[in-house]
Amino acid sequence: MKPAPFEYYAPATMDEALALLAEHGYEAKALAGGQSLIPMMNFRLVQPSVLVDLNNIGGLAHITPGADGSLRIGALTRHNQVETSAVAEQYAPLIHFAMQKIAYPAVRTRGTFGGSLAHADPSAELPALCTALNGRFRLVSGRGERWVSADEFFISLFTTALEPDELLAEAEIPAMPPRSGWSLMETARRPHDFALMGVAAVVALDEQGRCADARIVFLSAGEKPMSAQKAAEALRGQSPSAEAIRAAAESAAANEIDPADDIHGTAKFRRHLANVLCRRALEQAFQRAAGKK
Amino acid sequence: MDRKYIGKRVVRNEDPRLLTGQAQFVDDVQFPGMLHAAFLRSEYAHARVLKVDVSKAREYPGVVAVFTAEDMGRDWFPGPPLVSPPPTVKDVIFHSRRQVPLVKDKVRHAGEAVAVVIAESRYIAEDAAEQIEVEYEPLEVVLDLEKALAADSPRVHDDLESNLAAQLFQKKGDYEAARKEAEVVIKRRIVIERGAAAAMENRGIVAQWDAKGRHLTVWDTTQAPIPIRNGLAARLGLSESQVRVIAPFIGGGFGPKIMMFYPEEMLIPWVAMKLNRPVKWIEDRRENFYATTQERGQVHDVEIALDRDGRILGIKDDFIHDTGAYDPYGLTIPINTQCHVMGGYDIKNFSSEFRVAFTNRIIATPVRGAGRPQGIFVIERMLDLAARELGMDAAEIRRRNLIQPHAFPYQHEIVDQAFAPLVLDSGNYPAVLDKALEMIGYEKFVKEEQPRLRKEGKYVGIAVAPFIETTGIGPYEGARVTVETSGRVNVATGIGTQGQGHFTSFAQVVAEQIGIKVSDVRVTTGDTSEFHWGTGTFASRGAVVAGNAVHAASSIVRGKILKLASKVLGAPEAELELEDGQVRIADIPQKSVSLGELAALANPLRGAVEPGTEPGLESTAYFGPQYGATAFGTHAMIVETDPETMMVKIRRYVVAEDCGTVLNPLILEGQIHGGVSMGLGNSYYEKLHYDENGQLLNASFADYLLVSSTEMPRIEVGHLETPSPLNELGTKGVGEAGAIPVPALFAQAVQNALHDRDFEILEMPLSPNGLFELLNKETE
Ligand SMILES: Cc1cc2nc3c(=O)[nH]c(=O)nc-3n(C[C@H](O)[C@H](O)[C@H](O)COP(=O)(O)OP(=O)(O)OC[C@H]3O[C@@H](n4cnc5c(N)ncnc54)[C@H](O)[C@@H]3O)c2cc1C
């Protein structure tokens, strides 16, 4: 379990890093926390010939609130920095809450926000949560920069809108509207494992207590974060009764996810879990939105 | 008995070194010019090897040598048989097929070594191994145990008529007659699958050949350094005194580290001699999954017959055991299973035949529990089904069947791993059961709490599982105890240590005899230059067999001390007492002499040593038990399950254990905690998933779910002590105990929690997915 040979660069500036990526293209990989990349290299599942270590570049780790209630999180911000940040808790409570579900403390002190997004593991929390929260990402390259929404960023298994010469610099999570509520429900074999099934629900109520908006996004449910748009749409305008929630969960689990069989669970079991967890998540999110809990 | 050191919660002598990183492990051994090995392992589980082309690898910069089976020439031969079948059982069939250092004709499990690359670094060795080209002809794989034994199955060993490795029948009483009398007869098929031992430290070997001194030194993560030394000497054409094997600190053994010889264990010393350079091989985690032995795979067809009162009239259990590609370890595991199917119950009629199948999986050898958890799972599951059928309480049906205290020594009659009919030496089984029930508050829970919680919609369940553990078998171990002129005591024994706390518990045994601080006793284990008689650490026998050898040697040294001190102090021996490293006259404590002074006097520089005496305050003694001591315990737990997500949470876990005299409760509890964690793994987390091609799908800790701190319940341990009459210390083993009843307990608890669902757990390990499938069976 030793990696294949590679060249290692540790540039001190973003420009140098981007130049190296531009030069080496598909041969190169950025190294952030190394919690996904290094194991894959040790298993020789990936064999990049060039590693560009981002850890010496200043200014990439930050948690910055915006005047409009949004929150920006720099790519190199460690999971445990978010986990222990009061600002994150205030501005992006769902993201803050989710941190304790990501691996265990040792991994969280190394693993980064941007690394998790760029890695685009469909079982990871952050891609699903950023999707549920309508997040967007700033991508930079020698050619300039662009903002890409989470919906467009995640393309499929470990595949994103990032070009080989691009880096993800930061994520922006917009503020939730008033009377909003959120929930993240997961079933994992052990608390620190990637979830067998997980679902994030973000809802908002109108003044009459009806559902004004809902986002339901599953993780471990397909080749990317699986957004249950039809089920969410069906809730809109309805009062969030147990019946409506049950129907939404059932239809989301039945029609809008595509879980696979693996050694930890069959697709059938995962669908069953998706239904149970989605129901529980919607119940909790609506309760929070209504100011209970 | 009033004891000063034995039985006390003494903190471990070895911990300061271990906790500050000062303990030597095999991978800490470094030499200038050391080479590193990497193995090319078969990606197929079953394939003929047509061609191995290592030419590119040989040319890879930094590579020193590459060896295949062919390159070994006349030095290539299979490993020695480790354990033969019991000669005392009639009509036993046993075909011995042993692992090879490098594959010659065909590979028999995925991960079997085909070639070894020796290079300047492990990185280079792995890069070069990728350059080796092997032409395989894939063959149909043998995995399913029943199909393996069918006449039309492909064969793992072409020279055998079938995949039947062994067959053995044992009985007691007359099962068929008992069955006719029975009120209730229940028959089931029970399937238990493999898990890994997953020690924290993987295997490793460093070999150094001193060409001028003609001496080989091998550092090996083995549990049995002495047999390894003797075997290596024989294989390499050296005398035993030319080989020193050191088993330094080892991060866990659990059984697989006593498989002898692993291919790597034969090869690395051979390569070191051949190249005349030190060579290191450290197994990585992936190799550990593919190349280190595993256990547990069995399929049982069991039938139990009971009377109306829930008394067991008889059991018939026929099973198939998966030995994997070879069977160097003989029949230890299935025989242990056979011996544990009756548990601690008084059963008069028993019939059991097992067949052992060769399959295309890595070799099975004992893993903590070693066949016992399977036996206990079988009997406990059947008792649960019987209790349900009879409408009887789970604890009550067990109480009614336990062997009673007056029945010891109890003739169990089934031949055990030590090749003699098992005799249970001593115990008070009902008292241990009651202790566990009391600790967990069984009555109150069942009568009050459970009904209340169920009303609240909670799925809570309780379970109780008693078990026996055969331990402390022969042949023997030895120890040398020496009082040094510093006043400290040196102890050497031949067994290896993998975390059991021998440096402390043996020191306590010495201290009890010699009256010296536990921290002033230095224990050496597992270095053949220090002690070279013995077998190894296995079968929960360290504290029993080596412990009693230490005790015997210490008693003799105590005698020598008293004799000499009596002379020096001019007082009769009976008036002397040994305390704090001094020998004192009991009534005149100021008249004393220190152990150090006595040691100096016993080894004079001038004068004559009296004929018939020996110099020094030293003794070497051996202990071999008449037969193994059997421990008894009972675990109980309360769980809560979520019937929607299938998650199981353990709310309480209690253990009542009687392993005879307790040397150190702290160490004992540590053993139990570790055992329970392995048992929980076997229950709900740790399963090796092989696909239909014999590929292991979860060969990493990302997918092989080891029980971690977040799954471990707090464990409450209660001790009872029924000293074994088979040894002076009265000890019984406990190393494997913790793991044994857990799967049985877990299944019972989950069934009890989901009391209103119609399902039966007849497999281990379970998983949320497995539970989901069981609960949704009839709706399909
Ligand atoms: C034992 C264990 C358990 C885990 N459990 C979970 C879990 O439960 N949930 C979960 O979500 N995650 C889990 N993870 C993954 C963890 O969250 C990682 O931190 C994360 O997936 C990757 O982040 P990283 O900073 O380590 O990235 P790296 O491993 O350094 O990189 C991952 C990939 O992203 C690319 N990359 C990194 N940063 C950038 C960037 N700024 N721009 C462009 N590309 C970039 C790299 O080139 C590489 O391809 C676990 C990891 C481990 C080891």
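The values are calculated or read from the model by the stated rules, or taken from the named source; none is laboratory data. Because the structure is predicted, anything quoted here is derived from the model rather than measured. Every residue, glycine among them, receives a Cβ derived from its backbone with ideal geometry; neighbour counts consider all protein chains shown. Note: accessible area is taken over every heavy atom of the protein model, side chains too, but ligands, DNA and RNA are not part of it. Shrake-Rupley method; radii C 1.70, N 1.55, O 1.52, S 1.80 Å.
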Quiz item: How about the stretch A:168-202: which of its residues lose at least 50 Å² of accessible area in the presence of all protein chains relative to their chain isolated, using a 1.4 Å probe?
Solution: A:R189, A:R190
Quiz item: What 222 nm value per residue comes from the helices of chain B, counting each DSSP H run with n ≥ 4 as -39,500 (n - 2.57) and dividing by all residues, nearest 500 deg cm²/dmol?
Solution: -7500 deg cm²/dmol
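Could you order B:S540, B:S162 by accessible surface area, starting with the largest, using a probe radius of 1.4 Å?
Working: B:S540 20, B:S162 40 Å².
The ranking, largest first, comes out as B:S162, B:S540.
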Exercise. Please name the residues of the stretch A:1-34 whose accessible area, counted over protein heavy atoms with a 1.4 angstrom probe, falls by no less than 50 Å² between the chain alone and the full protein assembly.
Key: A:M1, A:K2
Exercise. For the protein assembly as shown, give the percent of accessible area contributed by carbon and sulfur heavy atoms, probe 1.4 Å, rounded to a whole number.
Key: 50
Quiz item: Computed on protein heavy atoms with a 1.4 Å probe, what is the summed buried accessible area for the chain pair A and B, in Å² to the nearest 100?
Solution: 2600
Exercise. List the equivalent ellipsoid semi-axes of the stretch A:1-125 in whole Å, largest first, each obtained as the square root of 5λ for an eigenvalue λ of the Cα gyration tensor.
Key: 28, 18, 11
Self-check item: Solvent exposure of chain B as accessible area per residue, Å², 1.4 Å probe
Solution: 37
Exercise. Hey, can you find the accessible area per residue of the stretch A:180-289 for me, probe 1.4 Å, expressed in square angstrom?
Key: 37
Quiz item: Binning every alpha carbon pair distance of the stretch B:1-100 at 5 Å from zero, what are the percents per bin?
Solution: 2, 7, 9, 10, 10, 11, 9, 11, 11, 9, 5, 3, 1, 1, 0
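Over chain A, what portion of Cα pair distances is larger than 33 Å, expressed as a whole percent? Spell out each step's value before the answer.
Working: 9758 of 42778 pairs.
Of all Cα-Cα distances in chain A, 23 percent exceed 33 Å.
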Quiz prompt | chain B - Rg over Rh from alpha carbon coordinates, Kirkwood radius | solution = 0.99
Quiz item: How long is the stretch B:395-521 along each principal axis, judged by its Cα atoms, biggest number first, in Å?
Solution: 71, 38, 27
Quiz item: Convex hull over the Cα atoms of the stretch B:559-624, averaged projected area in nm²?
Solution: 5.7
Exercise. Compute the accessible area of each residue in the stretch B:622-650 twice, once for its chain alone and once with every protein chain present, using a 1.4 Å probe on heavy atoms, and list those whose area falls by at least 50 Å².
Key: B:E644, B:T645, B:M647
Self-check item: the stretch A:180-289: proportion of alpha-carbon pairs further apart than 23 angstrom, %
Solution: 22
Quiz item: In the neighborhood of B:G547, defined by Cβ-to-Cβ distances under 12 Å, what is the net charge if each Lys or Arg adds +1 and each Asp or Glu adds -1?
Solution: -1
Quiz prompt | Label-point separation, A:E145 to B:H755 (7 Å along Cα→Cβ), nm | solution = 6.3
Exercise. Compute the length gained on full extension between B:E692 and B:V92: take 0.36 nm times their separation in residues and subtract their Cα-Cα distance, giving the result in nm to one decimal.
Key: 212.9 nm
Self-check item: Neighbour net charge for B:L385 - beta-carbon separation under 13 angstrom, K R +1, D E -1
Solution: -1
Exercise. Return, ordered by residue number, the residues of the stretch B:724-763 whose backbone nitrogen is under 13 Å from a label point located 7 Å along Cα→Cβ of B:L775.
Key: B:750-760
Exercise. Kindly give Rg over Rh for the protein assembly as shown, based on alpha-carbon atoms, with the Kirkwood expression for the hydrodynamic radius.
Key: 1.00
Exercise. Can you pull the one-decimal nm distance between simple spin-label points at B:K348 and B:K104, each 7 Å off the Cα toward Cβ?
Key: 5.5
Quiz item: What FRET efficiency do you get for B:R3 and B:R155 if R0 is 51 Å and r is their Cβ-Cβ distance, rounded to the nearest 0.05?
Solution: 0.35
Quiz item: Convex hull over the Cα atoms of the stretch B:531-571, averaged projected area in nm²?
Solution: 3.7
Quiz prompt | Label-point separation in nm, B:S121 to A:E243, each point 7 Å along Cα→Cβ | solution = 7.0
Quiz item: Counting Lys and Arg as +1 and Asp and Glu as -1, what is the net charge of the other residues whose Cβ lies under 10 Å from the Cβ of B:T222?
Solution: +1
Quiz item: Regarding the stretch A:63-173, what whole-number volume in Å³ per residue does the convex hull of its Cα atoms give?
Solution: 94
Quiz item: How big is the Kirkwood radius of the stretch A:7-53, worked out from every pair of different alpha carbons and given in Å to one decimal?
Solution: 10.8
Exercise. Please give the calculated 222 nm ellipticity per residue for chain A, where each DSSP H segment of at least 4 residues contributes -39500 (n - 2.57) and the sum is spread over every residue; nearest 500 deg cm²/dmol?
Key: -9500 deg cm²/dmol
